Amino acid sequence: MHTPFSQTYFHGTKADLKMGDLIETGIRSNYGQRNNAKYIYLAATLDPAVWGAELAVGDGPERIYLVEATGRLEDDPNLTDKKFPGNPTMSYRSKAPFKVVGEVTVWQGHTEDQIQAMKSALLKLKEQGIEAIED
């Protein structure tokens, strides 16, 4: 049960989820090579979730959910080790499910130029054999 004292995080996706749904590992990822997800990702700041929603594979609308972690979190190595030492984006991953407790319905996305630049950078990394999502 959600309480006002539980830490709430953001999760960006194109999946259509409902209150109380669990986001879990073991299903096909919306990113990278679309393998079964070994980790799921969330952030305590909005911008990484916006990127998650904008870069997710699929035709559905971009969504940002408020979620609660049900288990241990660790720093997201895709951002902390490679781009932002010290984890200023407050981005994390877990093998334990996240429970959907709400949805952010009003948020500012990135410009089309910013999205295209990010997609180009990710494609360049992929061509170098570096996957955007590290298992």
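The values are calculated or read from the model by the stated rules, or taken from the named source; none is laboratory data. Source: prediction; values computed, not measured. Note that each Cβ is placed from the backbone with ideal geometry, even for glycine, and that neighbours are counted across all protein chains shown.
Residue count for segment 94-127, restricted to those that are within 15 Å of TRP51 (Cα to Cα), charged (D, E, K, R) and touching a residue at least 40 places away in the same chain (Cβ under 8 Å): 1. Pairing residues of segment 56-67 that are more than 15 Å from THR45 (Cα to Cα) and in a loop (DSSP other than H, G, I, E, B) with residues that are of a type in the set (Ser, Thr, Tyr) and modelled with pLDDT of 85 or more, at Cβ distances under 9 Å and at least 6 apart in sequence or on separate chains, gives ALA56/THR13; GLY58/THR13; GLY60/THR13; GLU62/THR13. Quick one: is PRO88 at pLDDT 85 or above and either in contact with a helix residue (DSSP H, G or I) (Cβ under 6 Å, 6 or more places away or on another chain) or at negative phi (or both)? Judged against the criteria, PRO88 is not a match. Taken over segment 1-36, the residue count meeting the criterion of being under 19 Å from PRO77 (Cα atoms), surrounded by 12 or more Cβ atoms within 10 Å (Cβ to Cβ) and modelled with pLDDT under 70 is 5. Filtered by the rule that a residue be of a type in the set (A, V, I, L, M, F, W, C) and at pLDDT 90 or above, segment 91-130 gives ALA96, PHE98, VAL100, VAL101, VAL104, VAL106, TRP107. Number of residues in segment 53-67 that are out of contact with any Asp or Glu (no Cβ under 6 Å at 6 or more places or on another chain) and closer than 18 Å to GLN7 by Cβ equals 3.
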